[in-house]
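Scroll down for the structure; my scribbles are underneath it.
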Amino acid sequence: MEADDIAAAVAYKPDYTSLTFGEPPAGRPYVIVNMVSSLDGRVTIEGNERGLGSKIDQRLMRELRVHADIVMNGAGTLRASGTSSRLDDPALEELRIARGKTRTPISAIVSASGDLPLERAFFRARDFEGVVYLAASAPAERREAIEATGRRVFEVPDEGVRWILHHMRDEFDARRLLVEGGPTLNGELFDAGLVDELFLTLGPVVVGGNDVLAAVVSDRAPSLERTTRLEIVSAVPNPVTNEIYTRYQVQRET
């Protein structure tokens, strides 16, 4: 997008820095999932998300990070595109500080195998704190290699993502967790009933293909009884980028 187009597109975007959220449930953070998807439900093109969302969508992602204590990604996302919790804008950093937060959120990676690209900025950078949640079954030499980068590693028992969320609340006093993918991690969280909100940007493209990932991937067989029902909070169209920025809350049984 040219500078004039970006300026015009900004005029239509929602202000994610001013959002309010509910209180965290007992024993875990309030969990917000943020994804970008094509109109046919695909979240990657040629192996990553590039080409699905505009610079405005990327800006909204960083505005959501203003609210987060921790930003979490799966290992597949780290391998495909790299990840960090940076805001890339001093004004957003100052907004966090004014609200009593650290300059940037903690960046967390979840990995079953420990097979991670240690040359990535996540492991080399020191302008944000990074931690790795590693399955207990991962080889010891991989854990040692990760720890040698200076990043802390936490061993995850069989409870999986539920244990991770409890640990984040206990260890870091995390009240809000922003999950930026990938689809398998999203699926684990939805299956466990641990997602509170979903932010989904709909990009104006149709990807097609038979083996392209959707926003949520799970080994659990689909059934009407176990679907997750959500209630729409907002849907904001952007006629410049042709995107729609949607926000949903998960319906809880009362």
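The values are calculated or read from the model by the stated rules, or taken from the named source; none is laboratory data. What you are looking at is a predicted structure, and each value in this text was computed from that prediction instead of being measured. Virtual Cβ from ideal backbone geometry, glycine too; neighbours counted across all protein chains shown. All accessible areas refer to the heavy atoms of the entire protein, side chains included, with ligands and DNA or RNA removed. Shrake-Rupley method; radii C 1.70, N 1.55, O 1.52, S 1.80 Å.
Values for this structure:
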{"read-out": "K13 - accessible surface, heavy atoms, 1.4 Å probe, Å² rounded to 10", "value": "40"}
{"read-out": "Accessible area (Å², per residue) of region 129-254, counting only protein heavy atoms and a probe of 1.4 Å", "value": "55"}
{"read-out": "Test item: Cα-centred dipole of region 142-244, Lys/Arg +1 and Asp/Glu -1 on Cβ, debye", "value": "140"}
{"read-out": "Kirkwood hydrodynamic radius over Cα pairs of region 62-130, then Stokes diffusion coefficient at 20 °C and 1.002 mPa s, in µm²/s", "value": "171"}
{"read-out": "Amide H within-cut-off set for L213, under 5 Å, with H built and near neighbours excluded", "value": "V43, T44"}
{"read-out": "Accessible-area value, D173, 1.4 Å probe, nucleic acids and ligands omitted, Å²", "value": "100"}
{"read-out": "Rounded Å value of the spacing that divides the Cα centres of region 173-203 and region 1-73", "value": "12"}
{"read-out": "Among S37, A121, A135 the positive-end extreme of the charge dipole of the chain (Cβ point charges)", "value": "A121"}
{"read-out": "Integer Hz, Karplus 6.51/-1.76/1.60 couplings in order for region 64-69, x for Gly and Pro", "value": "5, 5, 4, 8, 8, 8"}
{"read-out": "Length released on extending from V10 to E253, taking residue separation times 0.36 nm less the Cα-Cα span", "value": "83.8 nm"}
{"read-out": "Around R169: net Lys/Arg minus Asp/Glu count, Cβ-Cβ under 10 Å", "value": "-2"}
{"read-out": "Inter-label distance, nm, simple model (7 Å from Cα along the C-beta direction), T20/I45", "value": "3.8"}
{"read-out": "Placed amide H near S107: partners under 5 Å, 5+ positions off or other chain", "value": "V71, E129, G130, V131"}
{"read-out": "Area of S81 that stays accessible when all protein chains are in place (1.4 Å probe, Å², to 10)", "value": "30"}
{"read-out": "Test item: Cα-centred dipole of region 1-122, Lys/Arg +1 and Asp/Glu -1 on Cβ, debye", "value": "400"}
{"read-out": "Vicinal HN-Hα couplings computed from phi for region 124-130 (Karplus, 6.51 cos²θ - 1.76 cosθ + 1.60; Hz; Gly/Pro x)", "value": "9, 6, 10, 8, 8, 7, x"}
{"read-out": "Relative contact order (%) - criterion: Cα under 8 Å, at least six apart; region: region 1-138", "value": "19"}
{"read-out": "All-pairs Cα distance distribution in the chain, expressed in whole percent, bin size 5 Å", "value": "1, 6, 13, 17, 20, 19, 13, 7, 3, 1, 0"}
{"read-out": "Label-reachable residues, region 150-193, where backbone N falls under 14 Å from a point 7 Å from R126's Cα toward its Cβ", "value": "150-151"}
{"read-out": "Total charge dipole magnitude, the chain, about the Cα centre, Cβ charges on Lys, Arg, Asp, Glu only, Debye to nearest 20", "value": "340"}
{"read-out": "Neighbourhood charge, 11 Å Cβ-Cβ cut-off, centred on A145 and excluding it, Lys, Arg +1 and Asp, Glu -1", "value": "-1"}
